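Everything on this sheet refers to the single structure shown next.
The values are calculated or read from the model by the stated rules, or taken from the named source; none is laboratory data. Predicted, not measured: the structure shown is a model, and the values here were computed from it. Don't worry about glycine lacking a Cβ; one is built from the backbone with ideal geometry, like all the others, and counts go over all protein chains shown.
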Amino acid sequence: MASTPQSPVTFTGNLASKTSASDILRSSCNAVCGVPLKAIGSGQIGAKRTDFTISVKIRKAKKREYPWPRDPDPNVRGGVLSHLSNFKPLKEKPKPVTLDFEKPLMDLRKKIVDVQKMANETGLDFSDQIISLENKYEQALNDLYTHLTPIQRVSIARHPNRPTFLDHVFNITETFVELHGDRCGYDDPAVVTGLGTINGRCYMFMGHQKGRNTKENIQRNFGMPTPHGYRKAMRMMYYADHHGFPIVTFIDTPGAYADLKSEELGQGEAIAHNLRTMFGLKVPIISIVIGEGGSGGALAIGCANKLLMLENAVFYVASPEACAAILWKTAKASPKAAEKLKITAKELCKLQIADHVIPEPLGGAHADPHWTSQQIKTAILDEMDELVKMDKAELLKHRSLKFRKLGGFQEGIAIDPKKKINMKKKESPVIQPGKTSDLELKDEVEKLKQQIMKARVSSTEKLGSGLTKMMGKLKREVNYEFSEAVKALGLEDRIVKVREEFAKAKKSKEQFLNPTLKKEIDKLTDEFNQNLSTAPNYESLKHKLDMLQEMSKAQNLSGKSSKAGELKQEINERFKEFTEHPDIKQKIEALKAEIESSGVSEEVKEKSLLLKDEIQQEFATILKSLGLDIYPPSSGDAQAKIDEFNREIHDIIEDVVSSTDLKNKIELLKIEVAKAGKTPDAESKAKIQALEQQIKQSIADATSFSELQEKHEKLKGEISEDLESSEGANGSVLKGNSRDDNLKYDHGRQVEVKIASN
C-alpha cells in the first residue's frame, strides 16, 4: 500500500493516542533513536495536521459445508457431491460430433428429422415412413458398431464427448472427496485422485482427467500428466496401502507429457517409481481403460491385478499414427498399423493382457454415459469381490504372475542361421533403362541365342527364365527409347494432354469415343511415325526393336518345341507301355516264332498285316484318350489347295473387319472392355457379350456365300479321293486338339473374338 511522504499519518479514535508504525520505522532514518517522529513533530510551530479514515469492505463468500452437506438435495444437477470438486456440470450442452464413418447414419437421421418436420407442418400422417426410416437407422447403427475396424475404435476412444474419469466417478460413488498435491509443492490437474465409497466400501480412485471442451483441455493438459501427477498418484497409493483401501485406477491418456521441462523434472524416473511401487502394494488394484491408454503414461497407473477395458477403448505402446510414420513413413497407413498392433479390447483379451471387456451402448460411451458408468460399477464390484478374498501374499503373487505370463516363446525350433529375422528381403538392384549400352545388350542376346540352340538340340537341357528376363529388359529399353524420342520431337506435352483426356473418356459412360479426341490421337500418331526417323536415338531404337522381335520369335519357338518335346516323350512312354503289355507281347512273339519256323509265306504276310492293323487301332484308342488323333499324310497338291483356300478365307475376314460398320463395333468393344476393367459388373458383361455376338455374326455372314461353300465342297471331295487312293497303313500321329484341321472352313463354326483391354 502506498504511503504519503508529505506529512505523518494519523489515525482517529483510539489509534490516535498511540505511536504510529511509520514513526517508529522512520526514527532510525532521522538519527533520533527511540524517539517517535510524532513527539518531535508536535513541538514544531505551525505544523499542519491531517486526519483521514480507512474503511474496508469485506465480500461475502459462498458458505460451503465440508466434508458433506447436512441436507443433500438428490435433485441437484450434477450429483449431490458436485460442490466438493472443481468439476462442475457444463453450462452448455456439448456440440454433437460426427465421426467420418458415422456420416451415412447422419444422413438417415436427417431424413427422419425432415419427414417429422414435414408431418408437423402439413398435418399429414407419415408415421409409417418414420417408423421405416427409424428401423433402417437402428439396423445400420447395429451393423456399423458390431463390425468396427481398429482405427474406427481409436476414433471413438478419442471422441471429444466421451465421458471422462470424473464423469464416471460421480456416477458410481455415493460419496467422493478429491485429494490434491504431491507434497512437493505441485498439483497436476491431469491426474485426479480421491476417496469414494461404493455400496459402503471405501476405495481410492485415481485416473487421467481429460477436458470436456477446449478450455478444460488446456487446463488439464489434454490428459497428459507431468512427473508431479505421477508422484501425486504414488503418494495416494502409499496412503491407500497404509489404510487398506482397494485402489481403482482409470486410464485415459494419449501418453505422458513429453516436453523438455517434464524430462528435466524426471518423467521417466517418476513412471519407473510408480511401476515398482504398484508391484509391492498389498491391497487389491483394478485398472480400467475408459478411452485410450498410451505407452508408459498409461502403464504408470496400470500395473493392477485386473485390467478391464471398455468395448471401444484402446491400449497401445505407440499410437497408430506414430507406428505408421515409423514403419511405412506416412501417417496415412494408420489403419493398417492399428490392425497390426492388436490394440482393441477383444484382441488384448485374446492375448491375456486385458481380463474383461465392459460393454458400451451402440454409438459409444458418449451415447449413454450413465448406463456405461453402471456397467463399470458392476464390473468393479464383481472383480473386487474376487480379489478381497485373497490375502496379501496371494495378491502380490497374482499381480506378478499376470505380467509374467504375458507374451510367449517356443523352444526346440531350428532357425536357419543365414536367415535374418524381422529383416526385409534384399531386393535385387534394378538397372535403370538407358544405362545399358547397345553392345552389352547385343552380347547378352547372343549368349541367350546359344542357350536356345543348346536347348533345342538336347531334350534334357531346358531353357530357364533367362529368356523371360531378357524380354522384360528389352521392353523396358524400347519404352525408354520411345520416351526419349517423344521428348526430342517435342510431343511430350501433347501426349500427356491426350492421355488425360482419354482417361476421362474411359471413366465417362459415353458409348463412342469423342470424334475430336480420336482425330487428335490419329493426328498425333501419324506425326510421330513420320518424324520418328529424325529422332537422334532412332538407330538405337530400331536396333532394340529388332532384338525384341527376334527374342519374341525365339520365345514362341521355344514354347512350341518344348510342348512338342513333352508330347513326343509322353507318346514314347505310352507306346513302350503298350508294347510291353502281355497280350501284345505274346502275339508279337508268336508271329516271330512262326516266321522263323516256316519262313515268310503269304499266310504269314496276311497275319502280320492283321496284327499291325490291330496294334494301330488299339494304340489309336490310347492316343485319343490323350486328345490325339491319327491322320494319313496328305499329298503336296492337296496341302497347297488347302493353304490357298485358307488364305482366301483370311482375306475375306480382313475385308469384313476393315469395313466401317464392323470397325466401329470393334472400337466400341475395346472401349467397353477398358471401362469394365478386371472385374466388370453385370451391365458391362451384357454389353460386351452383345457386341461380341454381333461381330461374330457379321464375320459368319461374310464367309457364308454360295461360291465359297461350293469351293469348299469341291475341295473336300478332292481330298477324300486322295485319302482313299493313299495307303491307309502308313499314318502319322499329329496332335489333333493342339491345332485346327488343315481345311479350316466350316459354315457353322464359331468365330472367336479377343479384344485386349489396352
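Among the residues of segment 303-319, those that are touching a residue at least 60 places away in the same chain (Cβ under 8 Å), assigned to a loop (DSSP other than H, G, I, E, B) and not aliphatic (A, V, I, L, M) comprise 303, 305, 312, 319. Of everything in segment 335-357 that's surrounded by fewer than 21 Cβ atoms within 10 Å (Cβ to Cβ) and among the β-branched types (Val, Ile, Thr), which residue is farthest from residue 137 (Cα to Cα)? The residue in question is 353. In segment 118-147, how many residues are acidic (Asp, Glu) and over 30 Å from residue 346 (Cβ atoms)? Result for segment 118-147: 3.
Taken across segment 146-165, residues that are in contact (Cβ under 8 Å) with a residue 12 or more places away in the chain and part of a strand (DSSP E or B) do not occur at all.
Restricting 279, 205, 250 to residues that are touching a residue at least 60 places away in the same chain (Cβ under 8 Å), of a type outside the set (Lys, Arg) and surrounded by 21 or more Cβ atoms within 10 Å (Cβ to Cβ) narrows the list to 250. Look at (1) over 21 Å from residue 645 (Cβ atoms); (2) in contact with a helix residue (DSSP H, G or I) (Cβ under 9 Å, 6 or more places away or on another chain) and you find that residue 682 fails only one, number (2). When you scan segment 314-334, do you find a residue that is of a type in the set (Phe, Trp, Tyr), buried (at least 21 other Cβ atoms within 10 Å of the Cβ) and in the same structural domain as residue 373 (by TED's automatic domain parsing), even just one? Yes, segment 314-334 contains at least one residue that is of a type in the set (Phe, Trp, Tyr), buried (at least 21 other Cβ atoms within 10 Å of the Cβ) and in the same structural domain as residue 373 (by TED's automatic domain parsing). Can you pull out the residues in segment 690-739 that are surrounded by 14 or more Cβ atoms within 10 Å (Cβ to Cβ), under 16 Å from residue 662 (Cβ atoms) and either at pLDDT below 65 or not basic (Lys, Arg) (or both)? Result: 691, 692, 694, 695, 698, 699, 700, 702, 703.
Within segment 175-184, the set of residues being in contact with a Leu (Cβ under 8 Å, 6 or more places away or on another chain) and surrounded by 20 or more Cβ atoms within 10 Å (Cβ to Cβ) comprises 176 only.
Only residues that are in a strand (DSSP E or B), more than 16 Å from residue 288 (Cα to Cα) and not hydrophobic (A, V, I, L, M, F, W, C) were counted across segment 166-193, and they come to 2. Whenever a residue of segment 368-385 is touching a residue at least 60 places away in the same chain (Cβ under 8 Å), it has no partner that is in a helix (DSSP H, G or I) and exposed (fewer than 13 other Cβ atoms within 10 Å of the Cβ) lying with C-beta atoms less than 7 angstrom away and at least six residues away or across chains. When the criteria are applied in full, residue 544 fails the requirement of being within 42 Å of the chain's Cα centre (by Cα) and at pLDDT below 80. The residues of segment 320-345 that are part of a loop (DSSP other than H, G, I, E, B) and in contact with a Pro (Cβ under 7 Å, 6 or more places away or on another chain) amount to a single one, 343. Does residue 671 satisfy the condition of being of a type in the set (Val, Ile, Thr), at pLDDT 75 or above, surrounded by 10 or more Cβ atoms within 10 Å (Cβ to Cβ) and in a helix (DSSP H, G or I)? In short, yes.
So, residue 108, is that one under 32 Å from the mean Cα position of the chain (by Cα) and of a type in the set (A, V, I, L, M, F, W, C) or not? Criteria met by residue 108. Name every residue in segment 217-242 that is over 15 Å from residue 278 (Cα atoms) and touching a Leu at 6+ places or on another chain (Cβ under 9 Å), in order of residue number. Scanning segment 217-242 gives 226, 227, 228. Take the conditions (1) surrounded by fewer than 24 Cβ atoms within 10 Å (Cβ to Cβ); (2) out of contact with any His (no Cβ under 7 Å at 6 or more places or on another chain); (3) in contact (Cβ under 8 Å) with a residue 40 or more places away in the chain; residue 234 misses just one of them, which is (2).
Taken across segment 163-174, residues that are surrounded by fewer than 17 Cβ atoms within 10 Å (Cβ to Cβ) and out of contact with any Asp or Glu (no Cβ under 7 Å at 6 or more places or on another chain) do occur, with at least one present.
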